[in-house]
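Structure, as structure tokens:
Only the coordinates and a few stated rules stand behind these numbers; no lab work does. Computed from a predicted model, the values in this text were never measured in an experiment. Here the Cβ positions follow ideal geometry from the backbone for every residue, glycine too, while neighbour counts run over all protein chains shown.
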Amino acid sequence: MADESQKWVLMVTAQTPTNIAVIKYWGKRDEKLILPVNDSISVTLDPAHLCTTTTVSVSPTFDQDRMWLNGEEISISGGRFQSCLREIRSRATDIDDKEKGINITKKDWEKLHVHISSYNNFPTAAGLASSAAGFACLVFALGKLMNVKEDHSQLSAIARQGSGSACRSLYGGFVKWIMGKEEKGTDSLAVQLADEKHWDELVIVIAVVSSRQKETSSTTGMRDTVETSLLLQHRAKEVVPKRILKMEEAIKNRDFASFAQLTCTDSNQFHAVCLDTCPPIFYMNDTSHRIISLVEKWNKAEGTPQVAYTFDAGPNAVLIARNRKTAALLIQKLLFCFPPNSDADLSSFVLGDKSILKDAG
Ligand code: ADP
Ligand code: DP6
Ligand code: CO
């Protein structure tokens, strides 16, 4: 290792987009390894809109692993952060940077500590998959820092141990998380179904109904569901396996009617499963329901789906329009139904700087 008196710092910054599931993951068969009860499929969003930026650094002067999230120090003693750190550390390889005079061996990595600083450019813990972007980015950045040679699919299996949905954010485009069969979870990882260019007419509009932190985290919510919901068992065994096959077909053929029908139905069944939990979990609110009605009525009037909706564990709507023209119409309709500065103000319906609105224009 470089001389400790040199006080060097090695730093890596990574940016990772979030992903929104169109066939949802909800329920674990193994809590510790984070192994799901069913496969899931997601769309990775454009990093310009919703993403995490994480900087990881290492220095012989650091005496413990520490992390700051959105500017505040958080504890990383929990199992999830520790699993990710342990898995990446165990795969660290030598670094020999003659220019900087830094030489780190595999053995050194066991003793060196890291500092992690992470920012989400969208609401954290509000049902917009911050845990997905967050843990995927953390694992990716640590992997780069420690010169880990694993490929994206192997990294996805590590990110999975931070937050299940995170495994899908290692890839762009359409991604499937294969639940796997192995007890140790080695085959529970993400694969890319199609890249971001495959279906690039689609436009995603996010309606931020509330950026407040949700009352029931995804982890707690799905644990309660697994323990109490019979509907979940039916969903995981009978419904999702068939839907996954149909969704893969719809994506392959860019069949928007089928894609929209499957996406909306699966979101609704996920929320039905939440209601079937004891005590029931309410992630959507009145505004979410009004958005669903608006889309359903519009799709019916057109005779063929124009927009798909999906809601994660929170009230915020993710709306997928079949093309730019439809997205522009959708935004018009949303503005009409939820006028700015009215009681039904949805003014924050397009993310922060309105970048998604710009995309649709
Ligand atoms: P969400 O719907 O936003 O994914 P979750 O309840 O699944 O909400 O997860 C929220 C948790 O994810 C946070 O409390 C935090 O522990 C973790 N998290 C969020 N952002 C990051 C990040 N950038 N880096 C690491 N962990 C993060
Ligand atoms: C509704 O991945 O956040 O967004 O694995 O406990 O961290 P943990 O849960 P998380 O759950 C995501 C649930 C969901 C659906 C999905 O992303 O598939
Ligand atoms: Co999450």
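Figure legend: label point modelled 7 angstrom from the Cα of ASP195 along Cα→Cβ; residues of the range 153-167 with amide N under 17 Å from it are 153. If you take the square roots of the eigenvalues of the alpha-carbon gyration tensor of the chain and sort them as a ≥ b ≥ c, do you get rounded (a/c under 1.5), prolate (a/b over b/c) or oblate? Because a/c hits 1.5 or more and a/b exceeds b/c, the chain counts as prolate. In terms of the mean number of neighbouring beta-carbon atoms within 10 Å, the peptides 92-100, 255-263 order highest first as 255-263, 92-100. Here the extension length gained between LEU329 and GLN82 equals 84.3 nm, from 0.36 nm per residue of separation less the Cα-Cα distance.
How would you classify the range 109-182 from its alpha-carbon gyration tensor, with a ≥ b ≥ c the square roots of the eigenvalues: rounded for a/c under 1.5, else prolate if a/b is greater than b/c, otherwise oblate? Oblate, since a/c reaches 1.5 and b/c is not below a/b. Label the range 191-245 by shape, choosing from rounded, prolate and oblate, from the square roots a ≥ b ≥ c of the eigenvalues of the Cα gyration tensor; if a/c is under 1.5 it is rounded, and otherwise prolate applies when a/b is larger than b/c, oblate when it is not. Judged from the Cα gyration tensor, the range 191-245 comes out oblate (a/c at least 1.5, b/c at or above a/b). Straight-distance candidates among the lysines for linking to LYS149, with alpha-carbon spacing under 29 Å and chain neighbours fewer than 8 residues away dropped: LYS7, LYS28, LYS32, LYS98, LYS100, LYS106, LYS107, LYS111, LYS176, LYS181, LYS184, LYS197. Restriction of the GluC sites (Glu not before Pro) in the range 1-89 to DSSP coil positions whose beta-carbon has at most 12 other beta-carbons within 10 angstrom yields GLU31. Mean Kyte-Doolittle of at least -0.5 plus a Cα span of 27 Å or more along the axis: flag which DSSP H helices in the chain meet both, please. Those that pass (Cα extent of 27 Å or more, hydropathy at least -0.5) are 256-275. Peptide packing: for 22-30, 284-292, the average count of neighbouring Cβ atoms within 10 Å per residue gives the ranking 22-30, 284-292, highest mean first. Where is the GNM fluctuation largest for the chain (alpha-carbon springs, 10 angstrom cutoff): LEU193, LEU335, LEU85? It is LEU335. Here the calculated FRET efficiency for LYS246 and GLU110, from their Cβ-Cβ distance with R0 = 51 Å, stands at 0.60, rounded to the nearest 0.05. Note on MET11 and ARG223: with the Förster distance fixed at 45 Å, the Cβ-Cβ geometry gives a FRET efficiency of about 0.80.
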